[in-house]
Amino acid sequence: MKKENKIITSKYNKYTFFFVNMYHQLSKPSNLFFLLTMILLTIPTISPFNPYTYLLAFALVTGTSMIKDGIEDFKRHKEDKKVNTKPVTVAYIENNTIINKDIYVEDLKKGDFVILKGNEDVPGDCVLLISKIKGKCKEYCFIDSSNLDGESNLKKKTSFITNICKEKTAASTSENILHEFCECDRDFIKNVTDSQIKDTGDVFNKFECTLTFYGRHELCNERNVLLRGMKVKNVDSVLVYTVAVGAQTKLGKSNVKSRKGTSLFEMELTKVVMLIFAIYFSLLVSTAILGSLFLRKTNITYLYLGEFLTADALKLTGTNYIMFSYLIPLSLFVTLEVSRMFHSAYISNDEKMIKDNVHSVCRNSNVTEDLGMIEYILSDKTGTLTKNKMVFKKIHILGNQSLLEINALQSNFYNVEEFSSFLSSNNFSLALQKIFLVLVLTCCNSVEPLNGKLEGISQDEISILEKLREINVELLRREDTYVLIKISKITIRCDIKYTLDFSSSRQRMSVVILLFNKYYVLSKGSDQMMLDRKKIKCKTSSIDDVTSIINTNSSYRTLVTAYRELAKDEFDKFVKDYNSVDLINREEKEEKIFERIEQDMNYLGTTFIEDELQEEVKETIDMLKKAGIKIWMITGDKKETAISCAIDCGLMKNMNDNEVIAIEGTRFNQEVSSIDILSYKSVILYRSTPKQKSEIAEKFREYKKNTLAIGDGNNDVAMLLTANVGVGILGKEGNQAGISADFAIPDFRSLKFLIFLHGRYNFIRFSKVTLNALYKNIYLIIIQYLYNFFTGFSGKPVYNNYFLNYYNVFFTSLIPASICCFDKDLPEAYLLQHPEEYMSTKAFFCKSVIILGIIYGILQGLIVFILLFGVVFVKDLMNPYGRVGGYNGLNNLVSLIVFFSVFLGQVRLISYYTIYSYIAIFLSLFLFFITLYLIQDTSLGGNMWILMSIPSAYFTFLFIILFSYMAELCLSKIFYRIVSTKNVE
């Protein structure tokens, strides 16, 4: 039976791996061409040599790629299994007894009752039924949704039923003490029988469903639902009812399949291969035409032609098809596949990219080279750029022109009476102001002390209360109707009469309290709303002074505090108005009633909170910007939070930075059509959903911009899968982002090593090797093509057969392999100190360089052929004793010249010599000489040895090699001039 809640990121299974992978391999034009060539080689009448060597090379190409893909997919299977086999506890009634049972997450079904502990991940979209705190039933719990929407604030979820028992209940007879069952639990498990979900898309803040409870249809919305990917907080346990699993969850709907095909480098390589195919077919067609014309001559009876000239012409064409097939660089693909395995290992074992024993991981080595040509970075905020940890750093108190340390709020009271009389004094002193500021900070929040910890929906509020503990100010207890506060050595009770929670539209929270028989309204909110309203007054300074101080310290998150005493008749009127509000547009009406008492409030002070950035984030972003990479920050947070973080991490200079634009996620499609959004150095997108993140990444693919996406949460998965390169931030326990991405790194800082070192090195290595493969094969085949004019276009090889078969496989592939795996054009320290070097990377594989390589290969082949055959024509290859080298001697001489001219050029390509470079050089020479001197057929008298006895052969060899080397030097000068001056778009 299909497991609907199972996560699958792998591409293959053990039954389909070979066939599906082989299909993908043969979908590449080059591999399909090699397969066709191999089939033709099995036909004796047209094959110039046996097919076994070619079969070995083809098996190496496909086999290496298959092994690499298999290893990477095996890792994906392991990660999937780790997620899918997490235990989850379901509850059901059997024989009138509630039973607990542990199942795997993948086995969860719609309609299951699930018990979740505090800090446990929600395995599906579930409706909250009941929660337990210290044995008491509660109708609410808190959840952490940062893994979905990037918001660090906890959110409160409530049950659709409020009349539950609130007294402490005895534990169930069940031995499992995970959840203390009571009649409430039994009632829910027995009578919640079905659910229906209304499709509200993939937006996380909108959800509608109905539960059948006692036969009635109960309407539930986003306030009652815990979505998959959220984490339960601030309770011992909860009982939930599963309404959606797998692809039907909000998270499942927001996920997209990976749209990555081949890497961008491989796409460019495919264009080059297509160009080579064009050259190949041009040579083949011209040879076929000229060969057919040659066969029509009447004086060539010595060829013993058959009755049908067309058949003979086709045979010659087939032979030339095979001969010219060496133009297609088969060994190149083997080299690239093998080197990708090395690059993957380098990334996973790079000590610079290890943090807290968490190693970086390469999950898709097919895009390692794309890291060297990144143009745009799409970055999440929470958990990626920031630590998601707020710290209360400074405080501004009315009357001061600068920020103060937190201990400035410290007060000393020894009894409640002293505090009461001090509070009742009409003298508005600095000390009294501090007391009211403390009252606002401790009362006007949604934080609850639980098990010695402070838990709440706002990390800002938690950080404030945690810091206040250091100066003997503590929130001891919070109930619906009162809070207990410790100030110095006394405990004070503040009765909470009315509360209007923080909302994105109001951007503030207000409470009405009763303290020592006096009513006060306390407010705390954003500086934009509190100060811009012009409804707040400062007794010793102006609003402009406060605004100036806040703007001067714009790197901090700020909360402005204010209060006002309410007269008894004013409070009574407020109560009357509040209680008269009907259910229609209730929230709007409540806000208007609160606004009436939020007039002429007294400014108290402003808190300055720091959202700590990840280590070296600012430095890393500065390096990326110097490298010409444009960075977009995409977050689900509100605008103010997003801009504050952008300034902190260096994406923006200040609020008035004209090179940066902030756009709401929902308006992106409108804005992108009306402005040249790509011209901005950075873009801040706030209030973005996971689907919008992936749509933005898709836009960049449409613009043909090489884009890297980086994030740490489930809400980033769609974006990581859509971008050209996806990088997931790994937590200590891992997450879905790290599993789904091409690369997983421990922190944002590691990105500079991934891009500037691994990416740049890999791209340049691949570029060098690809251009060399292009050049050496064109050089090889141009000589063969010209030789056809002297052989009646028969396809007779100008090279030694062994040389031709092993030219790409062994003789000229080992040095490129060492370059592709180990070469470094510049030291690591230099590249990290000069990130601008990254801008020139793409010039190593630009159109001018490719065309230059093709032209050089053609010209060198043409010149070598003219020089070589000019010498042979003037003076045959003859030793002093009159012995002629003949056809085999010519084969060996041509093979010797071509090998050494290519060999010397490859040695010059090495920028960084390692032991493996020297091994590759030695093995290339050893294999060449051992093959041509010892392994080749010597039945005709040892052709290679005869060649070595011919003086003109030495002269020809040295002259042509010297000429080739000088031409190589000139070419390299032109190449590096192009690289240094090329304006990479």
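Just so you know, all these numbers are worked out from the coordinates, no wet-lab data involved. The structure displayed is predicted, hence computed values, not measured ones. Neighbour counts run over all protein chains shown; Cβ positions are idealised from the backbone, glycine included.
Quick one: which of 463-472, 277-286 comes out on top by average Cβ neighbours within 10 Å, and what's the full order, highest first? Intermediate results must be reported in sequence, preceding the final value.
Working: 463-472: 18.0, 277-286: 15.6.
Top of the packing list down: 463-472, 277-286.
Rank-order 129-137, 704-712 by packing density, defined as the average count of other C-beta atoms within 10 Å over each peptide's residues, highest first.
Details: 129-137: 20.1, 704-712: 24.9.
With the highest mean Cβ count within 10 Å placed first, the list reads 704-712, 129-137.
From the convex hull of the Cα coordinates of the range 394-608, what is the mean projected area in square nanometres?
Mean orientational projected area (the range 394-608, Cα hull): 11.7 nm².
Once you have the Cα-Cα distance between Phe959 and Ile863, take 0.36 nm times their residue separation minus that, and quote the gain in nm to one decimal.
33.4 nm
Helix 430-443 against the longest principal axis of the chain: what's the angle in degrees, Cα atoms only, rounded to the nearest 10?
70 degrees
Relative to the longest principal Cα axis of the chain, at what angle does helix 568-579 sit, 0 to 90 degrees, rounded to 10?
The angle comes out at about 60 degrees.
Given labels modelled 7 Å from the Cα in the Cβ direction, how far is it in nm from Lys653 to Glu417?
In this crude spin-label approximation the distance works out to 6.3 nm.
Taking +1 at the Cβ of each Lys and Arg and -1 at the Cβ of each Asp and Glu, which of Ala718, Ile485, Ile815 sits farthest along the dipole of the chain towards its positive end, judged by Cα position relative to the Cα centre?
It is Ile815.
Starting from the exponent 0.38 and prefactor 2.2 Å, build the expected Rg for the range 43-162 from its residue count and divide its actual Cα Rg by it. Can you show the working numbers first?
Working: Rg = 26.9 Å, N = 120, 2.2 N^0.38 = 13.6 Å.
Here the answer is 1.98, to two decimals.
Counting C-alpha atoms alone, how compact is the range 362-481: give Rg to one decimal and Dmax as a whole number, in angstrom.
22.0, 74
Name the residue from Leu708, Ser292, Ser47 whose Cα lies farthest towards the positive end of the charge dipole of the chain, charges +1 on Cβ of Lys and Arg and -1 on Cβ of Asp and Glu.
Farthest along the dipole direction, towards plus: Ser292.
Sorting check: for 805-815, 473-483, which peptide has the highest mean count of neighbouring beta carbons within 10 Å, and how do the rest follow?
The densest-packed peptide leads the list: 805-815, 473-483.
Quick one: compute the contact order of the chain, relative version, from alpha carbon pairs under 8 angstrom and 6+ residues apart, as a percent.
It rounds to 12 percent for the chain.
Just need the Rg to Rh number for the range 590-691, please, alpha carbons only, Kirkwood Rh.
Reported Rg/Rh (Cα atoms, Kirkwood Rh): 1.09.
Taking the Cα atoms only, what angle lies between the long axis of helix 459-469 and the longest principal axis of the chain, rounded to 10 degrees?
On a 0 to 90 degree scale, this one is about 60.
By how many nm would the segment from Leu290 to His359 lengthen if fully extended, with 0.36 nm per residue of separation less the alpha-carbon distance?
That works out to 18.7 nm of additional length.
Work out, step by step, the length gained on full extension between Thr193 and Lys11: first 0.36 nm times the residue separation, then minus their alpha carbon distance; give nm to one decimal. Walk me through the numbers on the way to the answer.
Numbers: separation 182, 0.36 × 182 = 65.52 nm, distance 3.73 nm.
Result for the pair: 61.8 nm of gain on full extension.
Once Rh is set to the Kirkwood radius over Cα pairs, what Stokes-Einstein translational diffusion coefficient, in µm²/s, holds for the chain at a temperature of 20 °C and a viscosity of 1.002 mPa s?
Values: Rh = 33.5 Å.
Stokes-Einstein gives a translational diffusion coefficient of 64 µm²/s.
Under a crude label model (7 Å from the Cα following the beta-carbon direction), how far is Thr914 from Ile71 in nanometres?
Using points 7 Å along Cα→Cβ, the separation is 1.4 nm.
Based solely on its DSSP helices, what 222 nm [θ] is calculated for the chain when runs of n ≥ 4 H residues each add -39,500 (n - 2.57) and the sum is averaged over all residues, nearest 500 deg cm²/dmol?
After summing the helix terms and dividing by residue count, I get -13500 deg cm²/dmol.
Using only the alpha carbons of the range 569-650, what is the convex hull's orientation-averaged projected area in square nanometres?
Details: hull surface 37.2 nm².
Approximately 9.3 nm², given one-decimal rounding.
Using unit Cβ charges (K, R positive; D, E negative) and no other charged atoms, how large, in debye to the nearest 20, is the dipole of the chain about its Cα centre?
Dipole about the Cα centre, nearest 20: 1420 debye.
For a Förster distance of 35 Å, can you work out the FRET efficiency between the beta-carbons of Glu595 and Asp480, rounded to the nearest 0.05?
Values: r = 24 Å, r/R0 = 0.68.
With R0 = 35 Å, the Cβ-Cβ based efficiency is 0.90.
Percent antiparallel among DSSP beta bridges with both residues in the range 394-608, to the nearest 5?
For the range 394-608, the DSSP antiparallel bridge percentage is about 95.
For labels at Ile93 and Phe926 in the simple 7 Å Cα→Cβ model, what's the distance in nm?
In this crude label model, Ile93 to Phe926 measures out at 8.0 nm.
Lys and Arg at +1, Asp and Glu at -1: add these up for the other residues within a Cβ distance under 11 Å of Leu441 and post the number. Please list the in-between numbers first.
Values: positive: Lys434, Lys467, Lys524; negative: Asp460, Glu461.
Once positives and negatives cancel, what remains is +1.
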